[in-house]
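S.K.: The structure under discussion is supplied below as structure tokens; questions concerning it will follow.
Where a number appears in this text, it was derived from the coordinates with a stated rule and is not lab data. This structure is a prediction, so every number in the text was calculated from the model and none was measured. Note that we place each Cβ from the backbone using ideal geometry, even for glycine, and neighbour counts take in every protein chain shown.
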Amino acid sequence: MDAEISLRVDGESHRLTVDTRTTLLDALRERLGNTSPKKGCDHGQCGACTVLLDGQRSLICLALAVAHDGAEITTADGLAPAGELHPVQQAFLEQDAFQCGYCTPGQVCSAVGVLDEVARGWPSHVTEDLTGDVELSDAEVSERMSGNLCRCAAYENITPAVQQAGAR
Amino acid sequence: MKPFAYAHPGDVAEAVRDVAAEPNAVFLAGGTNLVDHLKLGIATPDLVVDVRTLTSREVTDLPDGGLRLGAASTNSEVAADRRVRERYPVLAQALLAGATGQLRNMATTGGNPLQRTRCVYFGDVTTPCNKREPGSGCSAVGGYTRYLAVLGVPAALPDPTAPETCIATHPSDMAVALAALDAQVQVLGPAGTRTIPFGELHRLVGDDPSTDTTLEHGELITSIDLPPLPAGTRSSYRKVRDRASYAYALVSVAAVVSGDDVRIALGGVAHKPWRATRAEELLRGRPLTDHAVRAAMDAELAGAQPQPGVGGGNGFKIPLAARTVVATLRELTSEATR
Amino acid sequence: MTDLLEPRAIGQSLVRRDGEQKVRGTATYAFETPVEHPAYAHPVQATIARGRVTAMDTAAAQALDGVLAVLTPFTAERLASVEDAEYAVLQSPDVAFRGQLIGVVVAETSEVARQAADAIAVTYAEQPHDSELRTDRPDLYAPEQVNAGHPTDVVDGDVEAAMRSAEVTVDHTYQTQMLHNNPIEPHATVALWEPGADVPLTLWDSTQGVHPDRAAVSEVFGLDEEQVRVVCPYVGGGFGSKGNPHANVMLTTMAARALPGRPVKLALTRQQMFFLTGYRTPTIQRMQLAADHRGRLQAIAIDVVEQTSKVKEFAEQTGVPTRMMYASPNRRSTHRLAPLDVPIPSWMRAPGECPGMFGPEVALDELAVELGIDPVRLRIVNEPEVDPDTGKPWSSRHLVECLRDGAHRFDWDSRGPGRRREGDWFVGCGVASSVYPTMRQATSTATVRHSNGRYTVEIGAADLGTGAWTILPQIAADALDADVADVEVRIGDTRYPTASVAGGSSGTNTWGSAIVQAAREFRGKYGADPRDGDEASGDVDQASPNEDHAAYAFGAQFAEVRVHADTGEIRLPRLLGVFACGRIINPRTARSQLIGGMTMGMSMALHENSVFDTRIGQVANHDLAEYHISVNADVQQIEAHWLDEHDPYVNVMGAKGIGEIGITGTAAAVVNAVHHATGVRVRSLPVTLDKLLPGLP
């Protein structure tokens, strides 16, 4: 069954027809040709499809497109204009926080979300004092970035990259 | 994935009517469990009714001093709420121990407790499963039982061919905390509203593994209420898992200590969040020494049934549950005396 | 002996050339290739572990709107070659393992393709299957050779006699688990079949080698290699699983041939990858060590039992590192395979060395405990002067220096006698050695072309995250005596000269040697001032061979482990490796390779486990929620260091492979640290809390 929806992706508006079964991830990758968010598991188990969905980091492999009519999506490719890089992307480059690059756009979007969540004072599993302020320690970054699997295992570099971007 | 119709009604009443009218209809909220199951062919609805934007997304104060969590509030928002963090740390900790930042931004208060078991055989439509396909048998018995139940199951190796056999666990961390907090579930259904004590929301397997909860078809959770806690109450959630993050519980413990009263709920060990009522009774009014807690947990776990299976079985959960409760209560009481 | 290239670009920590595209997500991986009007394919898999498909009712699938083709063993084209049973997809209704491909649906959308595949009703004649690896199986057999061409058994001296007479012995059995490569980019292919075209078949495939991929596909479909083009500029990880094509590549090609002119896309689901894309066999290793009271080995033996699939043999060379690591007068290493009704095992990062550095390195720790000798010292006293396996001198071997340097950096000497408690945690430290052979493949060619002051180097190499896009220009620049900014390297396409697979940590050695040859040819022909269009090529086989020396990279890994006294939870606050792996071309990417390998080794030690349900013949936990790979929170501090090693024998760059050594020995270091922390000796991986609880107070 088909449905017509509109999406705003990386600042551009689209009107498109999707199957009710189509996920936002497949809508982007297979309908709109935006392959910045990746499909690693298709079940919310790896984080490669992380984008900012209406401002919050989300896994769009688990989001039905039809249920997000009118949504605003920012992928890693939409974080900075062509030829420029977002501070998180620049930090990933400098820290060599990736190898194969497949999980990277999801890591980058997740990191942008993490920095925003920390700025809003959201606690995490490793926050010692739930009633206090949140400090961006390495343990906080690692815990918060744990929804993004990296099989090349660049974690040791991802954490400082997020710290570097967060310090700006 | 089977095709389905999608509806996004104007309000909750209409949503309830839509689902009630169609026997094979389901509600959709955050989608983190349902969409997963649609893809795997575990959920095969004809109609999906989207309620994500219909119920309240607010956390509000109740007149009795408790808190009301709107069904559409996300796990992230509830965990970040100052009132939850200060008054119900066990809930904030349970939420933050669950899933990942991205998933918590999507998953909702109403949806999280209704997520279904992560038993690998339930998740694989090529294997028999009484929960997924009533009467087909239970593949989990003697199989991969590491994340499966030891409490509320009839034997160490129940009959895998019997239609009532199921050794699934409930995977939600949030639900374990809500069980310990004696939360109240506000429900709207075709027959109107009702309140379900959280402990009665989930079922043990009984003779029907396919049904996880006591909700009727068409009933929608509209909010979950947290009752007020006595002054000086301390609570915490301890999750033991195979990875440091992003893993289901092997065993988890929600503990709430108010004066002489101690409430203990266990996750990862049963078909529902398991209130350790026997241990609670034994500990009421007694000093929570390691020795006393250990003895109380031994009594609680006396009926536990280790499930052997490939990869070593799950008998370790029995000592692990006891040890984790001891450690959790030790930390709670040492905090109090600090 | 070779005069090494004078390093100018080599040794610089250049940022990855493909980095900007990767952090934006605009690097195109196979499935993402923009093609006109693609169709989507979804496979059908067998749900029995052994038997025969008797019928497939495809009517419901074919009736669905948007279905373009349905192929089954009863309707699919007959392949030109079925010699490799893995590639003989849909050629017979026989089912050799659960999850085997038995059909494919092609449709206008991915949703319809999947729905139609689910709608196919399959009936089977099922036969009993046997998928249990045990050492007492009567059908264990000795393969003709093991992976990488090593002999199956090597016996030197009399181990049993030494075991009887030695002052101290260790005799234990160790087990490594079944592991799945699980690159985050699923195995994916886009295939386009255009019968009238000069190159009728184009594959955009996720592969570690476009040329080996092309060779396999050409043979299976009876095409000349010139009739096939394989393109793969970026690979989303592989770790060996994309080292040779798997059945999904043949299936996608077959689907495309059923729909001429229409590009067909197929990405395996994560779940399907647990059946179809290879895995590391579980191994059972009986270790025997005999030593004198000073720890000098009198005998070392490893007898390995591991599995293969019945339909296609893969024999992991698990016993091979034991042949060369330590000096001992009496030595034995054997391999026996259990032929099972299981998916086909294959390469996974450091096949042989990875599992094969578990049993021996834990056994050495047990020996050290037995003798009361420091485990670092025990390794040092058994340092061989020449390769015990071949008798050849080492091209370079600095294991002892790695151990000493690592012990110093790690503050090993302060580790104490064991079972130290800090608050709620037991703390301990462990060590193990690492090793990986330095390999060069036989074929690879590079061309160098000049235009406008810039040089273009072409070679069909692959970068699966290793850094080839970045380091090959560094090598070319130094070989050409040019500025690295003026060198462009193009890889990942069979239009470029033939290159070997990115496997066996051989890429830099092989492709780099070919590039240096090409650069020298170029300078020889055209001098320092070439004209536009000047071009030369070079082959790896022109590079001086290293036949007189045994060439390996070595390393030492140190792990600190904390075990929770109540729950048995295991944390790894620190992992430190020191490696002697020749000259480092690019420290930035090299460090990533080493820490990546070490982290994957930690993941193997603590988390990963494909739990095989022998009742039904499949991995029970076949997705990424249940198959745990380490997450960011599991990693606290992982350090990789290297010695400044000069090796004039391995190649003109002086470089050894570094992609795999990091994963070798790690699991043993962790297990040894767990023993030091708790007194519990875990001999089967992974180390999980349930194995420690019985030993905790």
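S.K.: Kirkwood-based Rg over Rh for region C:379-531 (C-alpha set), two decimals?
M.R.: On the way: Rg = 22.4 Å, Rh = 19.0 Å.
My calculation of the ratio gives 1.18.
S.K.: Hey, another quick one. On a 0 to 90° scale, report how tilted helix A:155-166 is relative to the longest principal axis of chain A, with both axes built from alpha carbons and the result rounded to the nearest 10.
M.R.: The angle comes out near 90 degrees.
S.K.: Note down the relative contact order for chain B as a percent, whole number, built from C-alpha pairs under 8 angstrom at least six residues apart. Each step should come with its number before you reach the end.
M.R.: Numbers: 783 pairs, mean separation 59.7, N = 338.
Taking the mean separation of contacting Cα pairs over the length of chain B, I get 18 percent.
S.K.: Give me Rg over Rh for chain C, both radii from the alpha carbons and Rh done the Kirkwood way, two decimal places. Display every interim value, and only then the final one.
M.R.: On the way: Rg = 25.8 Å, Rh = 26.3 Å.
Rg/Rh for chain C comes to 0.98.
S.K.: Here's something else I'd like to know. Give me the three principal axis extents of region A:2-77 from the C-alpha atoms, as integers in angstrom, largest value leading.
M.R.: 29, 25, 20
S.K.: May I pose another question? First select every other residue whose beta carbon is under 10 angstrom from the beta carbon of B:Leu151; then total the charges, Lys and Arg +1, Asp and Glu -1. Intermediate values should be presented prior to the final figure.
M.R.: Numbers: positive: B:Lys272, B:Lys317; negative: B:Glu300.
After counting each charged neighbour, the total is +1.
S.K.: Let me ask you something else. Given an 8 Å cut-off on Cα distances and at least 6 residues of separation, report the relative contact order of chain C as a percent.
M.R.: Numbers: 1865 pairs, mean separation 117.4, N = 697.
Computed value for chain C: 17 percent relative contact order.
S.K.: How much of the DSSP bridge set in chain C is antiparallel, in percent, rounded to the nearest 5? Write down the numbers at each step before the final one.
M.R.: Details: 91 of 120 bridges.
Antiparallel bridges make up about 75 percent of those DSSP assigns within chain C.
S.K.: Let me ask another. To make sure I understand, if each residue's beta carbon is the centre and we count other beta carbons within 10 Å, what order do A:Asp42, B:Asp11, B:Asp64 fall in, fewest to most? Don't jump to the answer; show the numbers that get you there.
M.R.: Values: A:Asp42 26, B:Asp11 11, B:Asp64 8.
The fewest-first ordering by Cβ neighbours comes to B:Asp64, B:Asp11, A:Asp42.
S.K.: Add +1 for every Lys or Arg and -1 for every Asp or Glu among the other residues with Cβ under 10 Å from the Cβ of B:Gly199, and state the total. Kindly include the intermediate steps, with their values, before the conclusion.
M.R.: On the way: positive: B:Lys272, B:Arg275; negative: B:Asp182, B:Glu200.
In short, 0.
S.K.: Among C:Pro321, C:His622, C:Val82, whose Cα projects farthest towards the positive end of the dipole of chain C, with charges put on the beta-carbon of Lys, Arg (+1) and Asp, Glu (-1)?
M.R.: The residue sitting farthest along the positive end of the dipole is C:His622.
S.K.: May I ask you to list the GluC sites (Glu not before Pro) in region A:11-94 that are in a DSSP loop and have at most 11 other Cβ atoms within 10 Å of their Cβ?
M.R.: Working: sites: A:Glu12, A:Glu30, A:Glu72, A:Glu84, A:Glu94; in loops: A:Glu84.
Within region A:11-94, the qualifying GluC sites (Glu not before Pro) (loop, at most 11 other Cβ atoms within 10 Å) are A:Glu84.
S.K.: In nm², what is the average projected area of the convex hull enclosing the Cα atoms of region A:1-131?
M.R.: Values: hull surface 36.5 nm².
Across all orientations, region A:1-131 yields a mean hull projection of 9.1 nm².
S.K.: For the residues B:Phe27, B:Phe4, what sequence is obtained by ranking on other C-beta atoms within 10 Å, fewest first?
M.R.: Numbers: B:Phe27 26, B:Phe4 22.
The order, fewest Cβ neighbours first, is B:Phe4, B:Phe27.
S.K.: Can you put C:Tyr649, B:Tyr88, C:Tyr455 in order, fewest other beta carbons within 10 Å first?
M.R.: On the way: C:Tyr649 21, B:Tyr88 28, C:Tyr455 24.
Lowest to highest Cβ neighbour count: C:Tyr649, C:Tyr455, B:Tyr88.
S.K.: Here is a further query. What number do you get for region B:203-338 when its Cα radius of gyration is normalised by 2.2 N^0.38 Å, N = residues? Intermediate results must be reported in sequence, preceding the final value.
M.R.: On the way: Rg = 16.4 Å, N = 136, 2.2 N^0.38 = 14.2 Å.
Its radius of gyration relative to the 2.2 N^0.38 Å reference: 1.16.
S.K.: Taking a quarter of the surface of the Cα convex hull of region A:87-166, what do you get in nm²? Working shown, then result.
M.R.: Working: hull surface 18.3 nm².
For region A:87-166, the mean projected area of the Cα convex hull comes to 4.6 nm².
S.K.: Please build a GNM for chain B, connecting alpha carbons under 10 Å apart, and tell me which residue among B:Arg83, B:Arg118, B:Arg243 fluctuates the most.
M.R.: The residue that fluctuates most here is B:Arg243.
S.K.: Among residues other than A:Ser36 whose Cβ falls under 11 Å from its Cβ, what is the net charge (Lys/Arg +1, Asp/Glu -1)? Display every interim value, and only then the final one.
M.R.: Values: positive: A:Arg29, A:Lys38, C:Lys22, C:Arg24; negative: A:Asp10, A:Asp77, C:Glu32.
Surrounding charge for A:Ser36 is +1.
S.K.: Only helical DSSP H runs with n ≥ 4 go in: add -39500 (n - 2.57) per run for the protein assembly as shown, normalise by residue count and round the 222 nm mean residue ellipticity to 500 deg cm²/dmol. Don't skip to the end; give the middle numbers.
M.R.: Working: 30 runs with 297 residues, N = 1203.
Roughly -7000 deg cm²/dmol at 222 nm, from the helical runs in the protein assembly as shown.
S.K.: Going through region C:51-156, which trypsin sites (Lys or Arg not before Pro) have at most 14 other Cβ atoms within 10 Å and a DSSP loop state? Numbers along the way, then the final one.
M.R.: Working: sites: C:Arg52, C:Arg78, C:Arg98, C:Arg114, C:Arg134; in loops: C:Arg78, C:Arg98, C:Arg134.
Those that pass, being in a loop and sparsely packed, are C:Arg78, C:Arg134.
S.K.: Still on this structure: Among B:Val125, B:Val51, B:Val187, determine the one that fluctuates most according to a GNM of chain B built with springs between C-alpha atoms less than 10 Å apart.
M.R.: The residue with the greatest mean-square fluctuation here is B:Val125.
S.K.: Dividing the alpha-carbon radius of gyration of region B:142-199 by 2.2 N^0.38 Å (N being the number of residues), what value is obtained?
M.R.: 1.54
S.K.: What does chain B give for Rg and for Dmax, in Å, if only its C-alpha atoms count?
M.R.: Cα only, chain B: 19.5, 59 Å (Rg, Dmax).
S.K.: A follow-up question, please. Excluding same-chain residues fewer than 8 positions from A:Lys38, which lysines have a Cα within less than 20 Å of its Cα?
M.R.: B:Lys39, C:Lys22, C:Lys242, C:Lys265
S.K.: Roughly what percent of Cα-Cα pairs across region C:109-259 reach past 24 Å? Before the final figure, lay out the partial values.
M.R.: Values: 6829 of 11325 pairs.
Summing the P(r) tail past 24 Å for region C:109-259 gives 60 percent.
S.K.: Hey, in the GNM for chain B with a 10 angstrom Cα cutoff, which one of B:Lys39, B:Lys239, B:Lys317 fluctuates hardest?
M.R.: In this elastic network of chain B, the residue with the biggest mean-square fluctuation among B:Lys39, B:Lys239, B:Lys317 is B:Lys39.
S.K.: If you wrap a convex hull around the C-alpha atoms of the protein assembly as shown and split its volume per residue, what is the figure in Å³? Please list the in-between numbers first.
M.R.: Numbers: hull volume 194.2 nm³, N = 1203.
Cα-based convex hull of the protein assembly as shown, divided per residue, equals 161 Å³.
S.K.: Using a cut-off of 17 Å between alpha-carbon atoms, which lysines can reach B:Lys272, once sequence neighbours fewer than 8 places away in the same chain are excluded?
M.R.: Within the straight-line limit of under 17 Å, B:Lys272 reaches these lysines: B:Lys131, B:Lys239, B:Lys317.
S.K.: Related question: Hey, what do the phi angles of region C:238-244 turn into as Karplus ³J(HN,Hα) couplings, whole Hz, using 6.51/-1.76/1.60 and θ = phi - 60°, x for Gly and Pro?
M.R.: After applying 6.51 cos²θ - 1.76 cosθ + 1.60, I find x, 6, x, 5, 9, x, 10 Hz.
S.K.: Using the Kirkwood radius built from alpha carbon pairs, what does the Stokes-Einstein equation give as D for region C:13-68 at 10 °C and 1.306 mPa s, in µm² per second?
M.R.: Values: Rh = 16.3 Å.
Stokes-Einstein gives a translational diffusion coefficient of 97 µm²/s.
S.K.: Ok, one more. Select from region C:319-426 those GluC sites (Glu not before Pro) which occupy a DSSP coil region and have at most 14 other Cβ atoms within 10 Å, ordered by residue number.
M.R.: Working: sites: C:Glu353, C:Glu361, C:Glu366, C:Glu370, C:Glu385, C:Glu401, C:Glu422; in loops: C:Glu385.
Here the sparse-neighbourhood loop sites are C:Glu385.
S.K.: Give the relative contact order (percent, whole number) for chain A; include only Cα pairs under 8 Å separated by 6+ residues.
M.R.: Numbers: 294 pairs, mean separation 38.8, N = 168.
Relative contact order here is 23 percent.
S.K.: Two decimals, Cα atoms only, Kirkwood Rh: what is Rg/Rh over region C:82-141? Write out the running numbers ahead of the final one.
M.R.: Details: Rg = 16.3 Å, Rh = 14.8 Å.
Radius of gyration over Kirkwood radius for region C:82-141 works out to 1.10.
S.K.: Need one number for region C:545-657: average projected area of the convex hull over its C-alpha atoms, nm². Each step should come with its number before you reach the end.
M.R.: On the way: hull surface 42.9 nm².
Its average projected convex-hull area is 10.7 nm².
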